[in-house]
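Below: the structure, in structure tokens.
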Amino acid sequence: MSAGNNGLGTVAIFGAGVMGETLLSGLLRAGRSAERLVITERRPERVEELHDRYPGVRILDNIEAAEIADTLVFVVKPQDMGALLTEIAEHVRPGNLVVSLAAGITTAFLESHLPEGSSVVRVMPNTPALVDQGMAALSSGKHCSPEHLSEAMELLESCGRAIEVPEHYQDAVTAISGSGPAYVFYVVEAMIEAGVVLGLPRATATDLVVQTLFGAATMIKETGQHPTVLREQVTSPGGTTAAALRRLDDHKVRAAFITAMEAAAARSAELSGQ
Ligand SMILES: NC(=O)c1ccc[n+]([C@@H]2O[C@H](COP(=O)([O-])OP(=O)(O)OC[C@H]3O[C@@H](n4cnc5c(N)ncnc54)[C@H](OP(=O)(O)O)[C@@H]3O)[C@@H](O)[C@H]2O)c1
């Protein structure tokens, strides 16, 4: 079956670690047939685990998978990408779609290691994809057709949202949504710790913070109101929230977030260049 057929061809996921398994399980939940999904993995114990967990999904070696796939999805670590490309390049058929989820690996790098004219899409996903709430940003390579880009979008939408961005945004995207869940977890940890300092049992503090985060995120998404408006609604003149926000400003927390994300983007650019 050829690629560009609304995603009904065979999809092979190379590297079924955290993100690879997340995508696989999302595709199955979205109704893809297990017979049209293939994964590759190099550790025998992991192969066994995946075989038990996803009956019907074929687990092949990289070359076999490259030969039968219409769409190839690379989900190995960036440092393993060169070896994977060298191993399978000559087995990638012209007309196939190649999707890479590896941070910092450019479409130019992928194209230079694949047969001339290969259709490539670079993606920055994030871990909320595990619960079908991922945010993925896609950039197409120079030979990628609109049909192939839509097919890649559809793949990623199996575990959340997906948008297209110009490739030169990818370092910023990595800093914001790729690493983003970690900053949110960090804030959650700090708020739970604050609850404990104020004498709340840890479990109570955790319940309060987690539901507050979920509620606030849902408000931003569902009301469409700007976060500033929503924050002002909670901030009465001379009240408790104003006192807390004043301290956050004293500690330059907003500036610290911006500096932190600038550092993440700079690191992403540095890793891309290596
Ligand atoms: N996790 C995230 O939050 C996140 C976010 C955005 C992007 N990503 C991207 O997703 C990619 C995967 O990350 P991850 O967190 O899922 O890493 P991971 O859990 O280490 O998964 C990578 C998997 O690929 C396997 N692998 C490596 N080389 C291989 C090869 N040549 N053939 C077959 N399998 C191979 C690894 O096997 P071994 O265990 O034997 O090494 C491992 O199971 C990375 O490129 C990362 O940049 C991850």
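The values are calculated or read from the model by the stated rules, or taken from the named source; none is laboratory data. Source: prediction; values computed, not measured. Please note: Cβ atoms are built from the backbone with ideal geometry, for glycine as well, and neighbour counts cover all protein chains shown.
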Subject >> Residue selected from the range 42-58 under the condition within 16 Å of V11 (Cβ to Cβ) and in contact (Cβ under 8 Å) with a residue 24 or more places away in the chain, by the criterion nearest to the ligand (Cβ to nearest atom) >> reply: L50
Original post:
List the pairs whose first member sits in the range 118-134 and is assigned by TED's automatic domain parsing to the domain that holds C159, whose second member is buried (at least 24 other Cβ atoms within 10 Å of the Cβ) and of a type in the set (D, E, K, R), and whose Cβ atoms are under 9 Å apart, counting only residues at least 6 apart or on separate chains?
Top reply: V121/E151
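Of all residues in the range 65-77 being within 14 Å of the chain's Cα centre (by Cα) and not in a loop (DSSP other than H, G, I, E, B), which is nearest to the ligand (Cβ to nearest atom)?
Going residue by residue through the range 65-77, those that are within 14 Å of the chain's Cα centre (by Cα) are 73-77.
Filter once more, so that each one left must be not in a loop (DSSP other than H, G, I, E, B): 73-74.
Working: V73: 10, F74: 8 Å.
Of everything passing the filter in the range 65-77, F74 is nearest to the ligand (Cβ to nearest atom).
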Original post:
Could you say whether any residue in the range 97-104 is modelled with pLDDT under 95, surrounded by fewer than 24 Cβ atoms within 10 Å (Cβ to Cβ) and more than 19 Å from V11 (Cβ to Cβ)?
Top reply: yes
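With the structure loaded, tell me whether E67 is on the phi < 0 side of the Ramachandran plot and either free of Cβ contacts under 8 Å to residues at least 12 places away in the same chain or not assigned by TED's automatic domain parsing to the domain that holds M124 (or both) or whether it fails that test.
In short, no.
Taking the criterion of being assigned to a helix (DSSP H, G or I), closer than 24 Å to M153 by Cα and at pLDDT 95 or above, would at least one residue in the range 52-64 satisfy it?
In the first step, residues of the range 52-64 are kept if they are assigned to a helix (DSSP H, G or I); the result is 52-53, 62-64.
Retained after the next criterion (residues that are closer than 24 Å to M153 by Cα): 62.
Going one step further and asking which of them are at pLDDT 95 or above, we end up with 62.
So far as the range 52-64 goes, yes, one or more of its residues are assigned to a helix (DSSP H, G or I), closer than 24 Å to M153 by Cα and at pLDDT 95 or above.
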**OP:** Could you please let me know if A137 is crowded, with 18+ Cβ neighbours inside 10 Å, in contact (Cβ under 8 Å) with a residue 60 or more places away in the chain, of a type in the set (G, A, S) and within 14 Å of A162 (Cβ to Cβ)?
**Re:** no
**OP:** Please work out which residue is farthest from the ligand (Cβ to nearest atom), limiting yourself to the range 9-27 and to residues that are closer than 14 Å to R53 by Cβ and not in a helix (DSSP H, G or I).
**Re:** I13
**OP:** State whether the residues of the range 173-191 include one that is of a type in the set (D, E) and free of Cβ contacts under 8 Å to residues at least 24 places away in the same chain.
**Re:** yes
**OP:** State which residue is farthest from the ligand (Cβ to nearest atom) when the search covers only the range 116-126 and only residues that are modelled with pLDDT of 95 or more and farther than 15 Å from I105 by Cβ.
**Re:** S119
Original post:
Residues in the range 30-41: is at least one of a type in the set (S, T, Y), more than 13 Å from the ligand (Cβ to nearest atom) and not in a helix (DSSP H, G or I)?
Top reply: yes
**OP:** Give G160, G141, G195, G178 a once-over and let me know the one that is closer than 22 Å to A16 by Cα, of a type outside the set (A, V, I, L, M) and either at pLDDT below 95 or touching a helix residue (DSSP H, G or I) at 6+ places or on another chain (Cβ under 6 Å) (or both).
**Re:** G160
Original post:
Looking at the range 208-222, is at least one residue of a type outside the set (D, E), free of Cβ contacts under 8 Å to residues at least 40 places away in the same chain, on the phi > 0 side of the Ramachandran plot and not assigned by TED's automatic domain parsing to the domain that holds R122?
Top reply: no
